[in-house]
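Chemist: Structure incoming, see below.
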Amino acid sequence: MQAIECDAIVHDGCIAVPANIEGRRVRLLVLADDDPVADRKAALRRALEHRDTVPGFVPMTRDEANQR
């Protein structure tokens, strides 16, 4: 038996597996995160903490964006 590890997101009760095990009999062990909402919030927090900055960049105002 060969161990293959992959990360996947469950969509409509289905999990995508690597193509190289297509047609093979497998034993599946699912380790689910306790709170997926907390994981998404943590990922967003990390992205905001490490975001890129562009010197001299000034974002548009709401009115300028709505005019486009």
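Chemist: Give me the residue from segment 38-68 that is open to solvent by less than 80 Å² (accessible area, probe 1.4 Å) and not small (Gly, Ala, Ser) and, out of that set, nearest to MET1 (Cα to Cα).
Modeler: Applying the filter and picking the extreme gives ASP39.
Chemist: I need every pair where a residue in segment 1-13 that is touching a residue at least 24 places away in the same chain (Cβ under 8 Å) has its Cβ under 9 Å from the Cβ of a residue that is among the basic types (Lys, Arg) and open to solvent by 100 Å² or more (accessible area, probe 1.4 Å), sequence separation at least 6 or different chains.
Modeler: Partner pairs satisfying both residue conditions: MET1/ARG27.
Chemist: Additional query: Which residues, taken from segment 1-32, are surrounded by fewer than 10 Cβ atoms within 10 Å (Cβ to Cβ) and not in a loop (DSSP other than H, G, I, E, B)?
Modeler: HIS11, CYS14, ALA19, ASN20
Chemist: Give all pairs with beta carbons closer than 8 Å in which a residue from segment 23-36 that is over 12 Å from GLU5 (Cα atoms) meets a residue that is open to solvent by less than 100 Å² (accessible area, probe 1.4 Å) and outside any loop (DSSP other than H, G, I, E, B); count only pairs at least 6 apart in sequence or on separate chains.
Modeler: As it stands, the answer is ASP33/ASP39, since those pairs meet every condition given.
Chemist: Determine which single condition ASP35 fails, assuming it passes every other condition in (1) open to solvent by 100 Å² or more (accessible area, probe 1.4 Å); (2) at pLDDT below 85.
Modeler: Result: ASP35 passes all but (1).
The values are calculated or read from the model by the stated rules, or taken from the named source; none is laboratory data. Everything quoted here is computed from the prediction, not taken from an experiment. Positions of Cβ are backbone-derived with ideal geometry, glycine not excepted, and every protein chain shown enters the neighbour counts. Quick note on the areas: whole protein, heavy atoms, side chains included, nothing else; ligands and nucleic acids left out. Shrake-Rupley method; radii C 1.70, N 1.55, O 1.52, S 1.80 Å.
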